[in-house]
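The values are calculated or read from the model by the stated rules, or taken from the named source; none is laboratory data. All of these numbers come straight from a predicted model, not from anything done at the bench. Positions of Cβ are generated from backbone atoms using ideal geometry, with glycine treated the same way; all protein chains shown enter the neighbour counts. Only protein heavy atoms, including side chains, enter the accessible area calculation; ligands, DNA and RNA are left aside. Shrake-Rupley method; radii C 1.70, N 1.55, O 1.52, S 1.80 Å.
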Amino acid sequence: MEFTVNRSDLVRELSLSQGVVEKKTTIPILSNVLIEASGDGLQLTATDLELAIECSCPAEVKTAGAGTLPAKRLLDYARLLPDAPIHFRFTESHWANLTCGRARTKIAGMSRESFPEVPGRPPALAEIPAAVLVKLINRTAFAVSVEESRFALNGAQLLLAPERLTMVATDGHRLALCEETGDFGAAAAHKALIPKKAMMELLKLLHDDDPEAKVEFSADENHLFFGAGRRLLVSRKLTGNFPDYERVLPAEHPNRVALSREEFRAAVERVAQFSDERSHAIRIGFSPGEVKLHASLSDTGSTEETLPAVYDGPEVQVGFNAQYIMDFLRAVGEGEEVLFLFRDSNSAGELRPAEGDGLSYRYIVMPMRI
Amino acid sequence: MEWPRTIFHVDMDAFFVSVEELYNPSLHGKPVVVGGRPDQRGVVAAASYAARKFGVHSAMPLRAAYRLCPQAVFLEGHPRWYREYSRRVYRILTRFAPAVEMASIDEAYLDLTGAGRLYGAPLRAAHDLHQAIKEETGLNCSIGVATSRMVAKVCSGQAKPNGILWVLPGCEARFLAPLDVRKIPGVGQVTAERLRELGVRKVGDLARLDEGLLRERFGKWGLALAGKARGEDAGAWFDGEIGAAEPPKSVSHEHTFDEDVAEAQALEATLVKLTEMVARRLRGHGLYARTLQIKLRYSDFSTITRAKTLPCATHVDAEMVPAVLELFRAHWKRKPVRLLGVYAQSLTPSEGQLSLLEHDKVERWQRALDAVDKLRDRFGESSVTLAAGLRGGFRERAHENPAGLPGKHGSGKDSGES
């Protein structure tokens with residue numbers, strides 16, 4: 001195999017797959033990136049057996065072929081090279097000879113035969129605007145459980161219906177649900193659990209895409225495929241049953257209050273400085289015309305802040321994990337106001353953006369007993 | 001006459017054995033050992049004075065007790081009777097003093113500071129209390145009276161059996177000086193050994209020792225030792241006020257099998273039962289646990305402990321059991337087990353974060369358990385159990401720290417064994 005590729009193209013595409021390159025060397029081949037040259041381009045593939053990322057970039061291919069090189073070493077080195085074409089020539093013994101400017105370099109590779117096979121991509125089930133997918137992920141990924149023993153909660157559920165697309169995540173304490181209505185070309189309903197890591201890697205792949213870009217979604221029995229232009233992410237499906245979340249969505253809240261998103265966020269962040277390090281417990285008191293935030297640490301101090309608010313319901317005091325509130329306020333986007341809906345100190349509360357950006361977004365959070 | 005700080009330590013004489021005698025007077029005067037059959041595993045919970053003459057003492061293995069005194073009557077014991085009599089004694093104590101703390105099922109501290117106007121002389125008060133307990137329960141006790149808890153405890157020990165001893169204020173150090181250092185609560189074999197290396201055998205030797213040296217050798221505990229040698233309440237829970245100590249930092253239950261068990265189902269049933277008992281204690285204390293730990297001791301005495309943090313703090317059996325079984329299944333090496341233990345840690349007085357997905361279920365359990373606990377209060381611990389725990393049903397063995405002692409705090413632990 002012999003080809004010439006632009007340094008900046010190679011560095012850009014290689015860095016996209018670094019997240020799935022195995023850092024430990026238990027299976028050495030997984031530290032390598034598979035490089036395949038054919039026609040007028042390169043295809044770069046990395047996998048940790050849970051996730052695989054395929055990227056491609058244009059190249060001048062002299063002899064088609066395939067080989068693998070240590071992904072991190074190649075990227076770290078290529079970053080330091082001058083912005084000029086890099087010439088690659090692979091030998092029979094899996095070494096790569098690189099030439100770039102005045103640098104002559106040899107890197108030891110491994111045979112492509114030992115590189116795991118990436119599953120073949122089935123026909124697309126739907127076409128989702130990249131911008132929509134990014135929003136769905138950004139507004140739900142933080143609520144995915146990090147507890148390994150609850151594996152069905154270690155990802156978000158993607159629900160594809162003919163007229164809408166829903167992503168929902170929960171860690172058992174709070175639940176984030178984001179939904180976009182529209183026709184995404186889905187012929188039938190489809191349900192899948194996406195691991196959190198796949199969500200985060202997908203965000204990177206979609207990062208520098210143009211706003212009009214589309215993602216082709218497909219699935220086989222065990223895998224999910226997200227194709228974005230010349231890039232592809234393949235993820236193993238999470239197994240297990242996602243909880244029946246509709247059961248815990250409050251049908252109605254007797255009380256609601258509108259708050260300035262930025263004022264509320266800043267106040268929660270300040271008050272949380274005096275909450276317990278582990279529980280992050282703060283108290284939110286709703287009374288006519290105002291919302292009071294309070295936190296205290298017995299041997300450190302205490303704080304209270306009052307926010308003016310349009311509210312004429314009963315006086316209610318509810319304990320919440322400040323971190324959970326902050327997660328929502330960071331993810332909700334740029335709207336001026338957020339709505340806080342609640343019943344009492346014993347029932348789930350709900351946060352929503354006051355004015356949507358087309359997407360429906362609900363965040364259900366269970367209170368704390370302090 | 002106004003009293004200075006006045007602490008009574010009331011210690012029931014051979015409590016378990018004496019209660020057994022109330023139900024079976026023929027035991028009177030005989031060597032009696034409570035704890036189990038002589039061929040069983042486990043330890044002596046109590047021995048009658050007649051058995052003690054043969055060298056039998058509590059915490060000794062039952063088999064060792066049998067070798068020393070084969071003619072003794074060995075009894076499994078009746079924890080329910082002991083709890084009942086402990087409650088009766090407690091009721092009498094609370095008539096005498098506003099601040100009563102049960103240190104275990106058969107001993108209590110009373111703070112009678114400033115009660116002179118009511119009782120006259122301390123010795124008179126102690127005598128009245130001693131009489132009342134004898135008349136109303138038929139049990140003997142010994143009472144130590146002093147200006148500190150520590151000296152009061154040593155006093156009651158010296159007064160045994162069936163005696164009262166009052167150390168005059170100011171005479172504490174002189175009273176303690178001729179006693180062996182091991183009479184000081186908290187000084188066990190190890191500390192005594194290390195003190196002997198310094199030439200210290202009697203409390204008096206200890207009192208003469210330089211505090212700096214003690215601190216150097218024993219750290220903070222050394223300073224506490226120095227204080228104790230002078231008759232002060234120093235170190236650990238002796239620092240606290242009666243009835244005002246800290247809530248426990250952990251709650252636990254252990255079970256030693258009579259014969260090693262290698263059958264998964266039987267082990268799991270025992271764990272369920274132990275978890276139920278721990279959960280019950282947590283509810284009794286009004287505490288919630290964030291971390292659960294199991295202890296496994298194999299036949300060869302190799303012991304492992306493994307812990308798990310729960311997503312939400314709880315004291316509901318149904319929430320705790322799956323976590324305990326998960327730990328067991330992940331770590332049991334399929335070898336015969338001698339002892340199992342369940343520990344609840346990271347205790348908080350409030351539930352903290354509520355569960356979104358399980359909230360309704362937990363609430364229902366909570367209401368059911370409130371009812372169950374009331375039944376257990378009336379009809380005994382084994383009146384209601386989880387189905388999975390039935391197979392693990394073992395007789396609760398007699399021990400000194402059962403659940404729900406009135407006014408019992410302070411050791412930072414609430415542990416039981418069975």
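Given the options A:275, A:145, A:93, state which has the largest fluctuation in a GNM of chain A using a 10 Å cut-off (strictly under) for Cα springs.
Top of the fluctuation ranking is A:93.
Considering only protein heavy atoms, with the full assembly of protein chains and a 1.4 angstrom probe, order B:303, B:291 by accessible area, largest first. Walk me through the intermediate numbers first.
Values: B:303 60, B:291 20 Å².
I get B:303, B:291, largest accessible area first.
Compute the longest continuous run of chain B that contains no exposed GluC sites (Glu not before Pro); treat a site as exposed when its DSSP state is not H, G, I, E or B and it has at most 13 other Cβ atoms within 10 Å. Present the calculation step by step, with values, prior to reporting the outcome.
Details: sites that count: B:2, B:241, B:263.
For GluC sites (Glu not before Pro) (loop position, at most 13 other Cβ atoms within 10 Å), the longest site-free span of chain B is B:3-240.
Determine the dipole magnitude for chain A: charges of +1 sit on the beta-carbon of Lys and Arg, -1 on that of Asp and Glu, nothing else is charged, the reference point is the Cα centre, and the result goes in debye to the nearest 20.
For chain A, the charge dipole is close to 1240 debye.
Any idea which of B:16, B:57, B:79 is furthest toward the positive side of the dipole for the stretch B:16-79, if Lys and Arg beta-carbons carry +1 and Asp and Glu beta-carbons -1?
Selected residue: B:57.
Just how many % of Cα pairs in the stretch A:250-365 lie over 16 Å apart, if you round to the nearest whole percent?
Tail of the P(r) past 16 Å holds 58 percent of the pairs.
On the accessible surface of chain A, probed at 1.4 Å, how many percent belong to carbon and sulfur atoms?
48
With a probe of 1.4 Å, find how much accessible area the protein assembly as shown has per residue, and write the answer as a whole number in Å².
For the protein assembly as shown, the solvent-accessible area averages 45 Å² per residue.
In chain A, once you exclude exposed GluC sites (Glu not before Pro) (DSSP loop, at most 12 other Cβ within 10 angstrom), what's the longest stretch remaining?
A:1-91
Could you give the C-alpha radius of gyration of the stretch A:72-209 expressed as a fraction of 2.2 N^0.38 Å, taking N as the number of residues it contains?
Its radius of gyration relative to the 2.2 N^0.38 Å reference: 1.47.
Please compute the alpha carbon radius of gyration of chain A, then divide it by the globular-protein estimate 2.2 N^0.38 Å. Two decimals is fine.
Dividing the Cα radius of gyration by 2.2 N^0.38 Å gives 1.19.
Using only the C-alpha atoms of the stretch B:135-214, find the volume of their convex hull and express it per residue in Å³. All intermediate terms of the calculation are to be shown ahead of the outcome.
On the way: hull volume 8.7 nm³, N = 80.
Hull volume normalised by residue count: 109 Å³.
Report the rotationally averaged projected area of the stretch A:301-370 based on its alpha-carbon convex hull, in square nanometres.
Computing the convex hull of the Cα atoms and averaging its projections yields 5.7 nm².
Given labels modelled 7 Å from the Cα in the Cβ direction, how far is it in nm from residue A:189 to residue A:6?
4.7
Please give the contour-minus-distance gain from residue B:217 to residue B:81: 0.36 nm per residue of separation, less the Cα-Cα distance, rounded to one decimal in nm. The partial results should precede the final answer.
Values: separation 136, 0.36 × 136 = 48.96 nm, distance 4.51 nm.
That works out to 44.5 nm of additional length.
List the trypsin sites (Lys or Arg not before Pro) in the stretch B:1-71 that DSSP assigns to loop (not H, G, I, E or B) and whose Cβ has at most 12 other Cβ atoms within 10 Å. Which are they?
Here the sparse-neighbourhood loop sites are B:53.
Using every Cα-Cα pair within the stretch B:251-392, state what percent have a distance larger than 27 Å.
Distances greater than 27 Å cover 19 percent of the Cα pairs.
So if I take the centroid of the Cα atoms in the stretch B:304-323 and the same for the stretch A:216-281, what is the distance between those two points in Å?
So the separation of the two Cα centres works out to 26 Å.
What are the radius of gyration and Dmax of the stretch B:103-260, computed over its Cα atoms and given in Å?
Here Rg and the maximum Cα pair distance are 17.9, 59 Å.
Quantify how strongly other chains surround peptide A:238-246 by giving the mean number of their Cβ atoms within 10 Å of each of its Cβ atoms. Don't jump to the answer; show the numbers that get you there.
Details: counts 0, 0, 0, 0, 0, 3, 1, 2, 0.
Mean partner shielding for this stretch: 1.
Relative to the longest principal axis of chain A, what angle (0 to 90°, nearest 10) does the C-alpha long axis of helix A:130-140 take?
Around 50 degrees separate the two axes.
With springs only between Cα atoms under 10 Å, which of A:332, A:20, A:316 fluctuates most in a Gaussian network model of chain A?
Checking each option, the largest mean-square fluctuation is seen for A:316.
For the stretch A:99-155, place one equal point scatterer on every Cα, skip the solvent, and apply the Debye formula. What is log10 of I(q)/I(0) at q = 0.16, 0.26, 0.27, 0.29 Å⁻¹?
At q = 0.16, 0.26, 0.27, 0.29 Å⁻¹ the computed log10 ratios are -0.88, -1.06, -1.08, -1.09.
What nm distance separates the two modelled labels at residue A:60 and residue A:277, each placed 7 Å from Cα along Cα→Cβ?
5.9
May I ask you to evaluate 6.51 cos²θ - 1.76 cosθ + 1.60, the Karplus curve with θ = phi - 60°, for each residue of the stretch B:72-82 and list the ³J(HN,Hα) values in order in whole Hz, giving x for glycine and proline?
In residue order, the calculated couplings are 5, 8, 9, 10, 5, x, 10, x, 5, 4, 5 Hz.
Show which lysines lie in cross-link reach of residue A:24 when reach means a straight Cα distance below 20 angstrom and same-chain residues fewer than eight apart are skipped.
Counting by Cα, and skipping residues close in sequence, residue A:24 has these lysines nearby: A:72, A:197.
Say we join alpha carbon atoms closer than 10 Å with springs in a Gaussian network model of chain B; which of B:304, B:133, B:105 then has the biggest fluctuation?
Result for chain B, Cα springs under 10 Å: B:304 fluctuates most.
Other chains' Cβ within 10 Å of B:63-73 residues: what's the mean?
0
At what distance in nm do the modelled label points of residue A:26 and residue B:364 sit from each other, each positioned 7 Å from its Cα along Cα→Cβ?
Output for this residue pair reads 4.0 nm.
Based only on Cα atoms, what mean projected area does the convex hull of the protein assembly as shown have, in nm²?
45.5
How long are the semi-axes of the equivalent ellipsoid of the stretch B:26-151, taking √(5λ) for every eigenvalue λ of the Cα gyration tensor, in whole Å from largest down?
Semi-axes, largest first: 33, 14, 13 Å.
Quick one: with all protein chains in place, what share of the accessible area of chain B is carbon or sulfur, to the nearest percent (1.4 Å probe)?
51
Going toward the positive end of the dipole of the protein assembly as shown, with +1 on Lys and Arg Cβ and -1 on Asp and Glu Cβ, which of B:26, B:6, A:166 do you reach last?
B:26
Determine the dipole magnitude for chain B: charges of +1 sit on the beta-carbon of Lys and Arg, -1 on that of Asp and Glu, nothing else is charged, the reference point is the Cα centre, and the result goes in debye to the nearest 20.
Here the size comes out at about 700 debye.
Can you find, among A:321, A:47, A:300, the residue sitting farthest towards the positive end of the charge dipole of chain A, where Lys and Arg contribute +1 and Asp and Glu -1 at Cβ?
So the residue furthest toward the plus end is A:47.
Using only the heavy atoms of the protein chains and a 1.4 Å probe, how would B:88, A:247, B:217, B:117 rank by accessible area, largest first? Walk me through the numbers on the way to the answer.
Working: B:88 85, A:247 135, B:217 110, B:117 205 Å².
Greatest to least solvent exposure: B:117, A:247, B:217, B:88.
Rounded to the nearest 0.05, what FRET efficiency do residue A:300 and residue B:162 have when you use their Cβ-Cβ distance and R0 = 60 Å?
Approximately 0.70, to the nearest 0.05.
Please compute the Cα-Cα pair-distance distribution of the stretch A:2-114 with 10 Å bins starting at 0, giving whole percents from short to long.
15, 52, 30, 3
Can you give the FRET efficiency for residue A:102 and residue A:127, using 1/(1 + (r/R0)^6), R0 = 45 Å, r = Cβ-Cβ distance, to the nearest 0.05?
Computed FRET efficiency for residue A:102 and residue A:127: 0.45.
Where in the stretch A:114-160 does accessible area fall by at least 10 Å² between the isolated chain and the complete protein assembly, at a 1.4 Å probe radius?
Going by heavy-atom accessible area, the residues of the stretch A:114-160 that drop by at least 10 Å² are A:147, A:149, A:150.
Give the interface area between chains B and A as buried accessible surface, both sides summed, probe 1.4 Å, in Å² to the nearest 100.
Summed over both sides, the interface buries about 1700 Å².
For the stretch B:16-79, take every pair of Cα atoms, bin their distances at 5 Å starting from 0, and report each bin as a whole percent.
Pair shares across the bins are 4, 23, 35, 24, 11, 2.
Explain nothing, just the number: dipole magnitude of the protein assembly as shown about its Cα centre with +1 on each Lys and Arg Cβ and -1 on each Asp and Glu Cβ, in debye rounded to the nearest 20.
Dipole magnitude for the protein assembly as shown comes out near 3500 debye.
Per residue of the stretch B:31-44, what does 6.51 cos²θ - 1.76 cosθ + 1.60 with θ = phi - 60° give for ³J(HN,Hα)? Whole Hz please, x for Gly and Pro, Karplus curve as stated.
Working through the residues one at a time gives x, 10, 10, 9, x, x, 6, x, 9, 8, 6, x, 10, 6 Hz.
Any lysines with Cα under 21 Å of the residue B:295 Cα? List them, leaving off those in the same chain fewer than 8 positions away.
B:249, B:273, B:308, B:333, B:335, B:413
Quantify how strongly other chains surround peptide B:354-362 by giving the mean number of their Cβ atoms within 10 Å of each of its Cβ atoms.
Neighbouring Cβ atoms belonging to other protein chains average 6 per residue here.
Averaging over all projection directions, find the projected area of the Cα convex hull of chain B and quote it in nm² with one decimal place. Spell out each step's value before the answer.
Details: hull surface 88.4 nm².
Projected over every direction and averaged, the Cα hull of chain B covers 22.1 nm².
Convert each backbone phi in the stretch A:212-222 into a coupling constant with the Karplus relation 6.51 cos²θ - 1.76 cosθ + 1.60 (shift: θ = phi - 60°), then list the ³J(HN,Hα) values in order as whole Hz, x for Gly and Pro.
Coupling constants for the stretch A:212-222: 8, 4, 10, 10, 8, 9, 8, 8, 10, 4, 10 Hz.
Straight-line reach only, C-alpha to C-alpha below 26 angstrom: list the lysines that residue A:191 could link to, leaving out same-chain residues fewer than 8 apart.
Those lysines meeting the cut-off are A:135, A:204, A:214, A:237.
If r is the Cβ-Cβ distance from residue B:305 to residue B:374 and R0 is 30 Å, what FRET efficiency results, to the nearest 0.05?
Efficiency at R0 = 30 Å is approximately 0.35.
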